[in-house]
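Heads up, the thing below is written out as structure tokens.
Throughout, read-outs are computed from the coordinates displayed, never taken from laboratory work. Bear in mind the structure is a predicted one, so any value in this text is a computation, not a measurement. Virtual Cβ from ideal backbone geometry, glycine too; neighbours counted across all protein chains shown.
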Amino acid sequence: MTRNLILGALLSSLVLLLAAVSFIWTPFDHAAMNIPAKLQTPSAQHWLGTDHFGRDLMSMIMVGARTSIAVALVAVGIGMGAGVPLGLAAAARKGSWLDELIMRGNDLVFAFPSLVIAILITAVLGAGAVNAIIAIGIFNIPVFARITRGAALSLWEREFILAARVAGKGAARISAEHILPNVMNLLIVQGTIQFSLGILAEAGLSYVGLGAQPPTPSWGRMLAD
């Protein structure tokens, strides 16, 4: 387990490092085409070879990592920013019409595969990285709402919450001051999971031409090409 954890951490750190370095340096211009040098094998000049347009694959992977990470990170931010307040509100009003409305909305989204929903949204809004972020972020909202609600419900019966209610604090204040800090660790863990899924979703959308558009590199578009 420890060895797998270390290996995963090293690989993740490598991807993040490549994305960070790409802001200031890449072996070649990722968009520069060199047809005579197309489909070259790895060499001292082109570390991972070239594609069918003669573009350096190492440079494209580095910049593509930046694109995928940015899309996934913002999409997780959208999911947490909207889903967490919804989950807190549903837990604070357990059994009310608001709770039912939020949870049934979550069930409606979960009734369809996430990638299908993302493809549908980007097909309606149009292809592009921004619309891919919106599509992935929308699916993240019910994930965080359900996680937050489940964790918050167990806390509402705790003694320190009852003490806060006796002290005259309202549901919104209790949720912000007492519930949210106690579920934050769980949300961070779920955020890392959704982040990795967001990278896969962005690659899938780009693979079918609905994600980042040329000349912006994307891992999914690289696979499609």
Practice task
At 27 Å minimum axial length over the Cα atoms and a Kyte-Doolittle cut of 0.5, report the qualifying DSSP H helices in the chain, or say none.
Solution key: 2-21, 57-92, 129-155, 180-207
Practice task
Positive end of the charge dipole of the chain (Lys, Arg +1 and Asp, Glu -1 on Cβ, about the Cα centre): tell me which of Leu39, Val84, Phe139 has its Cα farthest that way.
Solution key: Val84
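Which value, in debye to the nearest 20, describes the size of the charge dipole of segment 65-224 about its Cα centre when Lys and Arg Cβ atoms bear +1, Asp and Glu Cβ atoms bear -1, and nothing else is charged? Write down the numbers at each step before the final one.
Numbers: 11 positive and 7 negative charges, 37 e Å.
I would put it at about 180 debye.
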Fill in the blank from the handout: Expected sort for 67-73, 23-29 on mean C-beta neighbours within 10 Å, highest first, is 67-73, 23-29
